[in-house]
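Each remark here refers to the structure printed beneath this line.
The values are calculated or read from the model by the stated rules, or taken from the named source; none is laboratory data. Just so it is clear, the structure is predicted and the values come from calculations on it, not from any experiment. Heads up, the Cβs are rebuilt from the backbone with ideal geometry, glycines too, and the neighbour counts pull from every protein chain shown.
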Amino acid sequence: MLKPDLIQNLEHTSHFLFIPTNEEEVNQLIELLDEITDLVRDDETHPLANFMEVLGLLIETYENKHIPEPNSDPIGTLKHFMEEHDLNQRDLPELGHQGVVSEILSGKRDLNVRQIKLLSERFKVPASVFI
């Protein structure tokens, strides 16, 4: 049988421990996880370490279900970012003149190392997403 003080603690915890169903709820869990991570750091024996892991799993489960995997091809990834940021070919001067951009987007030309580096900086993602 559960003790009354344990039940009270579980009731209080249930406000923070739930399966997120939308972006607002997952953002609440992410904020809580950030705060707990600041407290726990690398201390696996910290009393909140397991709670931190559970929050991470809840967030990961939501993201796996609701956030699509990134495109596996560099051009598809670039097109995704262009659409997400409402960009057209002229908005990508880091790739070169418009003819070069057109060839890249049509698959006639691959991105080079310089272009990949500039795109990763612009969109604040690892360069590997464009490889």
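Here are a few things to note about the model shown:
Residue-by-condition table, conditions (1) polar (S, T, N, Q); (2) under 18 Å from the mean Cα position of the chain (by Cα); (3) assigned to a helix (DSSP H, G or I):
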| position | (1), (2), (3) |
| --- | --- |
| Ile75 | no, no, yes |
| Arg90 | no, no, yes |
| Val100 | no, no, yes |
| Gly107 | no, no, no |
| Asp110 | no, no, no |
| Ile116 | no, no, yes |
| Val129 | no, yes, yes |
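- Scan of the range 5-53 for residues that are assigned to a helix (DSSP H, G or I), aliphatic (A, V, I, L, M) and surrounded by fewer than 14 Cβ atoms within 10 Å (Cβ to Cβ), ordered by number: Leu6, Ile7, Leu10, Leu39
- Every condition in (1) touching a helix residue (DSSP H, G or I) at 6+ places or on another chain (Cβ under 7 Å); (2) over 30 Å from Ile131 (Cα atoms); (3) not hydrophobic (A, V, I, L, M, F, W, C) is met by Glu24 except one, and the failing one is (1).
- Whichever residue in the range 7-26 is among the acidic types (Asp, Glu) and modelled with pLDDT under 90 and, among such residues, is nearest to the chain's Cα centre (by Cα): Glu23
- The test for being among the polar types (S, T, N, Q) and free of Cβ contacts under 8 Å to residues at least 12 places away in the same chain does not hold for Ser102.
- Unique residue being assigned by TED's automatic domain parsing to the domain that holds Thr13 and either more than 21 Å from Phe18 (Cα to Cα) or among the polar types (S, T, N, Q) (or both) when the list is Asp43, Asp86, Asp91, Asp110: Asp43
- Selection status of Glu83, without any contact (Cβ under 8 Å) to a residue 40 or more places away in the chain, loosely packed, with under 12 Cβ neighbours inside 10 Å and more than 17 Å from the chain's Cα centre (by Cα): yes
- Per the listing Ile59, Ile19, Ile75, the residue uniquely over 24 Å from Ser128 (Cα atoms), in contact with a helix residue (DSSP H, G or I) (Cβ under 9 Å, 6 or more places away or on another chain) and in contact (Cβ under 8 Å) with a residue 24 or more places away in the chain is Ile19.
- Candidates in the range 105-131 are the residues that are under 16 Å from Gln89 (Cα atoms) and basic (Lys, Arg); of these, the one that is surrounded by the most Cβ atoms within 10 Å (Cβ to Cβ) is Arg109.
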